[in-house]
Amino acid sequence: MTDEKLMMLLHEFKQLGATPMGGVTRCVYDDNWSRAQKKYVKVANYYGLYCFCDKMGTIYAATTDDISDKSVILTGSHIDTVINGGWLDGIYGVLSSVLAVGQLFQKFGTPKIPLCAVSFSEEEGSRFDATFTGSRYLTHQLDDAVFDLKDTLGLTFNQERQHRVSELKSSIPICTLDFKIQSYIELHIEQGDILDQSYANIAVVTDIVGQKRLLITIKGISNHAGTTQMSGRVDALKNAVCLMNQIYLSLGRMVGLRFTMGKMTVLPNVANVIPREVEISLDMRHKDQSVLNHAFEQATHLIDSAHGTYHLTTNVAATPMDYQLQQRVISSIQQEKMVAKLLFSGAGHDAQVMACSNVPSAMIFVPSKNGVSHVPQENTADSDLLSGQRVLQRLLYNLAYHN
(Lines give C-alpha, C1' and ligand atoms only; values in the text may rest on other atoms or scores of the structure.)
Protein backbone atom coordinates (compact mmCIF):
# COMPACT_ATOMS: atom_id res chain seq x y z
CA MET A 1 0.00 0.00 0.00
CA THR A 2 2.89 2.36 0.82
CA ASP A 3 4.43 1.79 -2.60
CA GLU A 4 1.10 2.27 -4.37
CA LYS A 5 0.47 5.54 -2.53
CA LEU A 6 3.73 7.16 -3.60
CA MET A 7 3.40 6.25 -7.27
CA MET A 8 -0.27 7.22 -7.36
CA LEU A 9 0.46 10.66 -5.88
CA LEU A 10 3.43 11.27 -8.18
CA HIS A 11 1.20 10.66 -11.21
CA GLU A 12 -1.59 12.83 -9.78
CA PHE A 13 0.75 15.76 -9.12
CA LYS A 14 2.18 15.32 -12.62
CA GLN A 15 -1.18 16.55 -13.94
CA LEU A 16 -0.91 19.82 -11.99
CA GLY A 17 0.89 21.75 -14.69
CA ALA A 18 1.06 19.08 -17.40
CA THR A 19 2.13 20.55 -20.76
CA PRO A 20 1.24 19.41 -24.30
CA MET A 21 4.91 18.40 -24.74
CA GLY A 22 4.69 15.89 -21.91
CA GLY A 23 6.43 18.03 -19.30
CA VAL A 24 5.28 19.97 -16.27
CA THR A 25 5.15 23.73 -15.71
CA ARG A 26 4.38 24.64 -12.12
CA CYS A 27 5.99 27.99 -11.39
CA VAL A 28 5.86 29.69 -8.03
CA TYR A 29 2.47 31.29 -7.29
CA ASP A 30 0.77 30.21 -10.52
CA ASP A 31 -2.57 28.36 -10.53
CA ASN A 32 -1.00 24.91 -10.63
CA TRP A 33 1.36 25.80 -7.79
CA SER A 34 -1.68 26.79 -5.72
CA ARG A 35 -3.50 23.56 -6.54
CA ALA A 36 -0.41 21.50 -5.69
CA GLN A 37 0.12 23.13 -2.29
CA LYS A 38 -3.55 22.65 -1.38
CA LYS A 39 -3.39 19.01 -2.44
CA TYR A 40 -0.24 18.55 -0.35
CA VAL A 41 -2.17 19.74 2.71
CA LYS A 42 -4.86 17.12 2.07
CA VAL A 43 -2.22 14.37 1.87
CA ALA A 44 -0.69 15.51 5.16
CA ASN A 45 -4.07 15.82 6.88
CA TYR A 46 -4.89 12.22 5.93
CA TYR A 47 -2.07 11.09 8.22
CA GLY A 48 -3.09 13.42 11.04
CA LEU A 49 -0.15 15.77 10.57
CA TYR A 50 -0.45 19.38 11.72
CA CYS A 51 -0.10 21.76 8.75
CA PHE A 52 0.86 25.42 8.72
CA CYS A 53 2.20 27.87 6.16
CA ASP A 54 4.79 30.63 6.26
CA LYS A 55 4.60 34.01 4.56
CA MET A 56 6.23 32.68 1.38
CA GLY A 57 3.67 29.91 0.88
CA THR A 58 5.94 27.12 2.06
CA ILE A 59 3.87 24.44 3.81
CA TYR A 60 4.98 22.42 6.82
CA ALA A 61 3.41 19.18 8.06
CA ALA A 62 4.50 18.24 11.58
CA THR A 63 3.89 15.42 14.03
CA THR A 64 2.87 17.97 16.68
CA ASP A 65 1.09 21.32 16.74
CA ASP A 66 3.62 22.74 19.21
CA ILE A 67 7.14 22.86 17.82
CA SER A 68 7.98 26.44 18.75
CA ASP A 69 10.25 25.42 21.64
CA LYS A 70 11.59 22.16 20.18
CA SER A 71 14.29 21.16 17.71
CA VAL A 72 12.74 19.36 14.75
CA ILE A 73 13.99 17.09 12.01
CA LEU A 74 12.93 18.74 8.75
CA THR A 75 12.60 16.77 5.52
CA GLY A 76 11.30 17.69 2.07
CA SER A 77 12.02 19.52 -1.16
CA HIS A 78 10.42 22.08 -3.50
CA ILE A 79 6.98 22.05 -5.14
CA ASP A 80 7.83 24.19 -8.21
CA THR A 81 9.30 23.11 -11.57
CA VAL A 82 11.21 24.68 -14.42
CA ILE A 83 9.14 25.56 -17.48
CA ASN A 84 8.17 22.36 -19.32
CA GLY A 85 10.31 20.42 -16.88
CA GLY A 86 10.24 16.89 -15.56
CA TRP A 87 7.68 15.21 -13.32
CA LEU A 88 10.03 14.16 -10.49
CA ASP A 89 12.40 17.05 -9.76
CA GLY A 90 11.40 18.43 -6.36
CA ILE A 91 8.01 16.78 -6.05
CA TYR A 92 9.55 13.33 -5.51
CA GLY A 93 11.20 14.57 -2.31
CA VAL A 94 8.12 16.54 -1.29
CA LEU A 95 5.79 13.53 -1.50
CA SER A 96 8.27 10.94 -0.23
CA SER A 97 8.92 13.01 2.88
CA VAL A 98 5.30 13.70 3.80
CA LEU A 99 4.45 10.03 3.27
CA ALA A 100 7.45 8.90 5.34
CA VAL A 101 6.57 11.26 8.21
CA GLY A 102 2.86 10.46 8.00
CA GLN A 103 3.30 6.70 7.86
CA LEU A 104 5.77 6.69 10.76
CA PHE A 105 3.37 8.84 12.79
CA GLN A 106 0.47 6.52 12.07
CA LYS A 107 2.44 3.38 12.91
CA PHE A 108 4.61 4.46 15.86
CA GLY A 109 2.88 7.56 17.24
CA THR A 110 4.66 10.66 18.49
CA PRO A 111 8.44 10.53 17.89
CA LYS A 112 11.08 11.41 20.51
CA ILE A 113 12.20 14.24 18.23
CA PRO A 114 9.43 16.01 16.27
CA LEU A 115 9.36 15.31 12.54
CA CYS A 116 8.27 17.96 10.06
CA ALA A 117 7.81 17.51 6.30
CA VAL A 118 8.19 20.61 4.14
CA SER A 119 7.01 21.63 0.68
CA PHE A 120 9.16 24.64 -0.16
CA SER A 121 7.39 27.34 -2.16
CA GLU A 122 10.14 27.85 -4.73
CA GLU A 123 13.63 26.71 -5.67
CA GLU A 124 13.98 26.85 -9.46
CA GLY A 125 13.81 30.58 -10.30
CA SER A 126 11.69 29.82 -13.36
CA ARG A 127 9.22 32.70 -12.98
CA PHE A 128 11.19 35.42 -11.19
CA ASP A 129 14.95 35.92 -11.38
CA ALA A 130 15.59 34.55 -7.90
CA THR A 131 16.16 31.01 -6.67
CA PHE A 132 15.72 29.12 -3.38
CA THR A 133 13.34 31.79 -2.07
CA GLY A 134 11.50 29.27 0.11
CA SER A 135 14.51 27.91 1.98
CA ARG A 136 16.28 31.27 1.97
CA TYR A 137 13.30 32.83 3.72
CA LEU A 138 13.20 30.04 6.31
CA THR A 139 16.90 30.51 7.11
CA HIS A 140 16.85 34.34 7.07
CA GLN A 141 19.01 34.57 3.96
CA LEU A 142 16.46 36.22 1.65
CA ASP A 143 17.22 39.66 0.24
CA ASP A 144 14.22 42.03 0.36
CA ALA A 145 14.97 43.03 -3.25
CA VAL A 146 13.29 39.75 -4.28
CA PHE A 147 9.86 41.18 -3.50
CA ASP A 148 10.15 43.82 -6.23
CA LEU A 149 11.10 41.38 -9.01
CA LYS A 150 8.69 41.14 -11.95
CA ASP A 151 7.72 38.23 -14.17
CA THR A 152 7.27 38.45 -17.95
CA LEU A 153 3.75 39.86 -17.48
CA GLY A 154 4.95 42.63 -15.18
CA LEU A 155 3.49 41.07 -12.03
CA THR A 156 5.66 41.49 -8.96
CA PHE A 157 6.85 38.69 -6.73
CA ASN A 158 5.23 40.36 -3.72
CA GLN A 159 1.84 40.83 -5.41
CA GLU A 160 1.68 37.17 -6.39
CA ARG A 161 3.02 35.99 -3.03
CA GLN A 162 0.37 37.90 -1.09
CA HIS A 163 -2.41 36.63 -3.35
CA ARG A 164 -1.48 32.94 -3.04
CA VAL A 165 -0.71 33.03 0.68
CA SER A 166 -4.07 34.69 1.23
CA GLU A 167 -5.70 31.76 -0.60
CA LEU A 168 -3.93 29.25 1.62
CA LYS A 169 -4.97 31.13 4.76
CA SER A 170 -8.52 29.85 4.37
CA SER A 171 -7.46 26.24 4.99
CA ILE A 172 -4.32 26.38 7.18
CA PRO A 173 -2.81 28.86 9.65
CA ILE A 174 -0.12 31.28 8.52
CA CYS A 175 2.71 31.40 11.05
CA THR A 176 5.80 33.44 11.73
CA LEU A 177 8.42 30.72 12.09
CA ASP A 178 10.42 30.42 15.28
CA PHE A 179 11.16 26.69 15.56
CA LYS A 180 14.68 25.27 15.63
CA ILE A 181 15.90 22.81 13.03
CA GLN A 182 18.08 19.98 14.31
CA SER A 183 18.74 18.56 10.83
CA TYR A 184 17.44 18.68 7.27
CA ILE A 185 17.12 15.64 4.99
CA GLU A 186 16.31 15.86 1.26
CA LEU A 187 15.54 13.00 -1.11
CA HIS A 188 15.97 13.81 -4.81
CA ILE A 189 16.59 12.34 -8.23
CA GLU A 190 20.26 12.70 -9.16
CA GLN A 191 19.66 14.68 -12.39
CA GLY A 192 23.01 13.43 -13.69
CA ASP A 193 24.13 10.07 -15.09
CA ILE A 194 26.58 8.75 -12.48
CA LEU A 195 24.10 6.48 -10.70
CA ASP A 196 22.49 5.47 -13.98
CA GLN A 197 25.86 4.11 -15.12
CA SER A 198 26.73 2.58 -11.75
CA TYR A 199 26.10 -0.74 -10.03
CA ALA A 200 24.52 1.24 -7.17
CA ASN A 201 20.98 2.55 -7.26
CA ILE A 202 21.19 5.00 -4.38
CA ALA A 203 23.73 7.63 -3.36
CA VAL A 204 24.78 9.75 -0.43
CA VAL A 205 25.70 13.31 -1.41
CA THR A 206 29.02 14.50 -0.01
CA ASP A 207 29.08 18.05 -1.43
CA ILE A 208 26.93 20.42 -3.48
CA VAL A 209 28.57 22.71 -6.03
CA GLY A 210 28.67 26.44 -5.49
CA GLN A 211 26.53 28.47 -7.85
CA LYS A 212 26.60 32.05 -9.07
CA ARG A 213 23.91 33.26 -11.46
CA LEU A 214 24.07 36.65 -13.16
CA LEU A 215 21.53 38.65 -15.12
CA ILE A 216 23.57 40.68 -17.62
CA THR A 217 22.23 43.79 -19.38
CA ILE A 218 23.67 45.28 -22.57
CA LYS A 219 22.26 48.62 -23.76
CA GLY A 220 22.01 49.98 -27.31
CA ILE A 221 19.96 52.47 -29.31
CA SER A 222 16.83 51.46 -31.24
CA ASN A 223 16.34 52.79 -34.73
CA HIS A 224 14.94 51.79 -38.12
CA ALA A 225 16.58 48.67 -39.52
CA GLY A 226 16.47 49.91 -43.12
CA THR A 227 17.52 53.52 -42.79
CA THR A 228 20.25 53.39 -40.15
CA GLN A 229 23.74 52.91 -41.59
CA MET A 230 25.74 50.00 -40.25
CA SER A 231 28.64 52.21 -39.25
CA GLY A 232 26.49 54.38 -36.98
CA ARG A 233 24.59 51.70 -35.10
CA VAL A 234 24.67 50.91 -31.40
CA ASP A 235 23.25 47.40 -31.66
CA ALA A 236 22.68 45.83 -28.23
CA LEU A 237 22.33 42.33 -29.68
CA LYS A 238 25.54 42.53 -31.69
CA ASN A 239 27.44 43.65 -28.59
CA ALA A 240 25.77 40.95 -26.51
CA VAL A 241 26.78 38.23 -28.97
CA CYS A 242 30.39 39.46 -28.88
CA LEU A 243 30.33 39.38 -25.08
CA MET A 244 28.83 35.89 -25.03
CA ASN A 245 31.56 34.63 -27.35
CA GLN A 246 34.24 36.08 -25.06
CA ILE A 247 32.62 34.44 -22.03
CA TYR A 248 32.48 31.07 -23.81
CA LEU A 249 36.17 31.31 -24.71
CA SER A 250 37.36 32.54 -21.31
CA LEU A 251 35.30 30.34 -18.97
CA GLY A 252 35.67 27.33 -21.27
CA ARG A 253 39.33 27.11 -20.25
CA MET A 254 38.50 26.48 -16.57
CA VAL A 255 38.68 22.78 -15.69
CA GLY A 256 35.51 21.42 -14.08
CA LEU A 257 33.54 24.65 -14.41
CA ARG A 258 29.99 24.24 -15.70
CA PHE A 259 28.49 27.40 -17.10
CA THR A 260 25.38 28.14 -19.14
CA MET A 261 23.89 31.16 -20.89
CA GLY A 262 20.40 29.77 -21.28
CA LYS A 263 18.08 32.74 -21.26
CA MET A 264 18.03 35.83 -23.47
CA THR A 265 15.57 38.70 -23.75
CA VAL A 266 15.81 41.16 -26.64
CA LEU A 267 14.00 44.50 -26.68
CA PRO A 268 11.99 45.59 -28.55
CA ASN A 269 12.23 42.13 -30.22
CA VAL A 270 10.98 43.40 -33.58
CA ALA A 271 12.42 42.21 -36.90
CA ASN A 272 12.91 45.68 -38.43
CA VAL A 273 14.12 47.56 -35.35
CA ILE A 274 17.69 47.61 -34.02
CA PRO A 275 17.72 46.09 -30.51
CA ARG A 276 18.05 48.66 -27.72
CA GLU A 277 18.55 46.21 -24.83
CA VAL A 278 19.53 42.59 -24.29
CA GLU A 279 19.40 40.60 -21.05
CA ILE A 280 21.41 37.38 -20.74
CA SER A 281 21.53 34.91 -17.90
CA LEU A 282 24.85 33.36 -16.91
CA ASP A 283 24.86 30.34 -14.58
CA MET A 284 28.24 29.19 -13.20
CA ARG A 285 28.91 26.17 -10.94
CA HIS A 286 31.91 24.43 -9.40
CA LYS A 287 32.54 22.34 -6.29
CA ASP A 288 35.69 24.36 -5.54
CA GLN A 289 34.67 27.82 -4.32
CA SER A 290 38.00 29.38 -5.35
CA VAL A 291 37.50 28.29 -8.98
CA LEU A 292 33.93 29.61 -8.93
CA ASN A 293 35.14 32.95 -7.55
CA HIS A 294 37.77 33.18 -10.29
CA ALA A 295 35.13 32.48 -12.95
CA PHE A 296 32.97 35.25 -11.49
CA GLU A 297 35.89 37.69 -11.63
CA GLN A 298 36.62 36.77 -15.25
CA ALA A 299 32.99 37.12 -16.30
CA THR A 300 32.42 40.45 -14.57
CA HIS A 301 35.65 41.84 -16.05
CA LEU A 302 34.40 40.95 -19.55
CA ILE A 303 30.98 42.48 -18.80
CA ASP A 304 32.59 45.71 -17.59
CA SER A 305 34.81 45.81 -20.69
CA ALA A 306 31.67 45.47 -22.86
CA HIS A 307 30.07 48.41 -20.99
CA GLY A 308 27.40 46.09 -19.65
CA THR A 309 25.89 45.80 -16.20
CA TYR A 310 24.98 42.76 -14.14
CA HIS A 311 22.90 41.72 -11.17
CA LEU A 312 23.88 38.73 -9.04
CA THR A 313 20.60 36.80 -8.64
CA THR A 314 21.98 33.60 -7.07
CA ASN A 315 25.05 33.28 -4.91
CA VAL A 316 25.36 29.98 -3.06
CA ALA A 317 28.68 28.74 -1.73
CA ALA A 318 30.10 25.31 -2.48
CA THR A 319 28.80 23.30 0.45
CA PRO A 320 29.76 20.01 2.12
CA MET A 321 26.97 17.93 3.60
CA ASP A 322 27.14 16.99 7.29
CA TYR A 323 29.51 14.05 7.76
CA GLN A 324 27.67 12.49 10.71
CA LEU A 325 24.38 12.58 8.83
CA GLN A 326 26.08 11.01 5.81
CA GLN A 327 27.07 8.10 8.04
CA ARG A 328 23.49 7.76 9.30
CA VAL A 329 22.24 7.69 5.70
CA ILE A 330 24.78 5.00 4.78
CA SER A 331 23.68 2.93 7.77
CA SER A 332 20.01 3.24 6.74
CA ILE A 333 20.87 2.21 3.18
CA GLN A 334 22.70 -0.86 4.48
CA GLN A 335 19.74 -1.74 6.72
CA GLU A 336 17.58 -1.73 3.59
CA LYS A 337 20.11 -4.16 2.01
CA MET A 338 21.23 -1.69 -0.66
CA VAL A 339 24.65 -0.52 -1.80
CA ALA A 340 25.45 3.16 -1.34
CA LYS A 341 27.57 5.31 -3.62
CA LEU A 342 29.19 8.61 -2.63
CA LEU A 343 29.01 11.51 -5.08
CA PHE A 344 28.77 15.30 -5.25
CA SER A 345 25.82 17.18 -6.70
CA GLY A 346 26.27 19.38 -9.76
CA ALA A 347 22.85 20.93 -9.18
CA GLY A 348 21.89 23.31 -6.40
CA HIS A 349 19.35 22.19 -3.81
CA ASP A 350 17.51 23.51 -0.78
CA ALA A 351 19.81 21.29 1.32
CA GLN A 352 22.64 23.59 0.31
CA VAL A 353 20.82 26.68 1.57
CA MET A 354 19.99 24.91 4.82
CA ALA A 355 23.62 23.82 5.30
CA CYS A 356 24.84 27.37 4.64
CA SER A 357 22.78 28.49 7.65
CA ASN A 358 24.56 25.93 9.85
CA VAL A 359 21.76 23.35 9.81
CA PRO A 360 23.28 19.84 9.57
CA SER A 361 22.00 18.62 6.21
CA ALA A 362 22.04 15.46 4.11
CA MET A 363 20.88 14.42 0.65
CA ILE A 364 19.91 11.06 -0.79
CA PHE A 365 19.95 10.52 -4.57
CA VAL A 366 18.21 7.94 -6.74
CA PRO A 367 19.11 7.50 -10.45
CA SER A 368 17.84 9.59 -13.33
CA LYS A 369 17.39 7.50 -16.48
CA ASN A 370 20.11 8.46 -18.98
CA GLY A 371 21.07 11.33 -16.69
CA VAL A 372 18.21 13.46 -18.03
CA SER A 373 16.42 16.12 -15.99
CA HIS A 374 14.63 19.49 -16.32
CA VAL A 375 12.96 18.22 -19.51
CA PRO A 376 9.84 16.13 -20.25
CA GLN A 377 11.97 13.00 -20.72
CA GLU A 378 13.03 13.08 -17.06
CA ASN A 379 12.31 9.68 -15.52
CA THR A 380 13.35 7.15 -12.86
CA ALA A 381 12.41 3.50 -12.50
CA ASP A 382 9.55 2.92 -10.05
CA SER A 383 11.71 0.48 -8.13
CA ASP A 384 14.39 3.14 -7.58
CA LEU A 385 11.82 5.74 -6.49
CA LEU A 386 10.39 3.30 -3.97
CA SER A 387 13.84 2.30 -2.72
CA GLY A 388 14.70 5.92 -2.04
CA GLN A 389 11.49 6.47 -0.11
CA ARG A 390 12.14 3.37 2.02
CA VAL A 391 15.65 4.57 2.87
CA LEU A 392 14.31 8.00 3.80
CA GLN A 393 11.65 6.48 6.04
CA ARG A 394 14.22 4.18 7.67
CA LEU A 395 16.55 7.14 8.27
CA LEU A 396 13.79 9.26 9.83
CA TYR A 397 12.80 6.37 12.09
CA ASN A 398 16.41 5.93 13.21
CA LEU A 399 16.84 9.65 13.89
CA ALA A 400 13.49 10.47 15.48
CA TYR A 401 12.25 7.29 17.15
CA HIS A 402 15.23 5.06 17.79
CA ASN A 403 17.83 7.82 18.06
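The values are calculated or read from the model by the stated rules, or taken from the named source; none is laboratory data. Computed from a predicted structure; not experimentally measured. Positions of Cβ are generated from backbone atoms using ideal geometry, with glycine treated the same way; all protein chains shown enter the neighbour counts. Accessible surface is based on the protein model in full, side chains and every heavy atom, while ligands, DNA and RNA are left aside. Shrake-Rupley method; radii C 1.70, N 1.55, O 1.52, S 1.80 Å.
What is the spin-label model distance, in nm, from N398 to H301 if the labels are put 7 Å beyond Cα along the C-beta direction?
If labels sit at N398 and H301, their model points lie 4.7 nm apart.
Normalising by the residue count of the chain, find the relative contact order in percent from Cα pairs under 8 Å and 6+ residues apart.
Computed value for the chain: 22 percent relative contact order.
With N set to the number of residues, divide the alpha-carbon radius of gyration of the range 213-347 by 2.2 N^0.38 Å and report two decimals.
Scaled against compact globular proteins, the figure is 1.50.
Given contacts defined as C-alpha pairs under 8 Å and at least six residues apart, what's the relative contact order of the range 12-95, whole-number percent?
The value is 34 percent.
Shape verdict for the range 129-175, please, from the Cα gyration tensor: rounded (a/c under 1.5), prolate (a/b greater than b/c) or oblate.
oblate
What does the highest-first list of 18-30, 90-102, 53-65 look like by mean Cβ count within 10 Å?
90-102, 53-65, 18-30
Which shape class, rounded, prolate or oblate, goes with the range 136-256 when its Cα gyration tensor gives a ≥ b ≥ c as root eigenvalues, a/c under 1.5 marks rounded, and past that a/b bigger than b/c marks prolate?
oblate
Can you tell me the order of 268-279, 125-136 when each peptide is scored by its average per-residue count of other Cβ atoms within 10 angstrom, highest first?
125-136, 268-279
Starting from the Cα-Cα distance between M338 and D382, subtract it from 0.36 nm times their residue separation and give me the gain in nm to one decimal.
14.3 nm
Looking only at the chain, where both bridge partners belong to it, what percent of the DSSP beta bridges are antiparallel (to the nearest 5)?
Roughly 65 percent of the DSSP beta bridges within the chain come out antiparallel.
Say each of I221 and D3 gets a label point 7 Å from the Cα, pointing the same way as Cα to Cβ; how far apart are those two points in nm?
Result: 7.0 nm between the two label points.
Provide the solvent-accessible area of M264, counting protein heavy atoms only and rolling a 1.4 Å probe, rounded to the nearest 10 Å².
The accessible area of M264 comes to roughly 90 Å².
Counting only C-alpha contacts under 8 Å and six or more residues apart, can you give the relative contact order of the range 116-180 as a whole percent?
With pairs under 8 Å counted, the relative contact order is 19 percent.
Using per-residue counts of other Cβ atoms within 10 Å, averaged over each peptide, order 307-318, 359-370 from highest down.
The peptides rank, most packed first, as 359-370, 307-318.
Taking only Cα atoms, what is the 0 to 90° angle, nearest 10, from helix 91-108's long axis to the longest principal axis of the chain?
For helix 91-108, the angle is close to 10 degrees.
Could you check which residue among N45, N293, N245 shows the biggest mean-square fluctuation in a GNM of the chain with a 10 Å Cα cutoff?
N245
Run the simple label-point estimate for K55 and M230 please: 7 Å along Cα→C-beta, distance reported in nm.
5.6 nm
Using θ = phi - 60° and the Karplus curve 6.51 cos²θ - 1.76 cosθ + 1.60, what whole-Hz ³J(HN,Hα) does each residue of the range 189-203 get, with Gly and Pro shown as x?
Calculated HN-Hα couplings, in order: 6, 5, 6, x, 10, 5, 5, 4, 9, 10, 6, 8, 10, 7, 9 Hz.
At a Förster radius of 41 Å, what calculated FRET efficiency corresponds to the Cβ-Cβ distance of A271 and R35, to the nearest 0.05?
With a Förster radius of 41 Å, E is 0.60.
Who wins for biggest fluctuation among L153, L302, L243 in a Gaussian network model of the chain, springs between alpha carbons below 10 Å?
In this elastic network of the chain, the residue with the biggest mean-square fluctuation among L153, L302, L243 is L153.
Evaluate E = 1/(1 + (r/R0)^6) for Q324 and K238, where r is the Cβ-Cβ distance and R0 equals 45 Å; express this FRET efficiency to the nearest 0.05.
Result of the calculation: an efficiency of 0.25.
Radius of gyration and Dmax for the range 319-403's Cα atoms, expressed in Å?
Expressed in Å, the Cα Rg and Dmax of the range 319-403 come to 13.7, 40.
Could you check how many percent of all C-alpha pairs in the range 198-244 are farther apart than 11 Å?
Tail of P(r) above 11 Å: 78 percent of Cα pairs.
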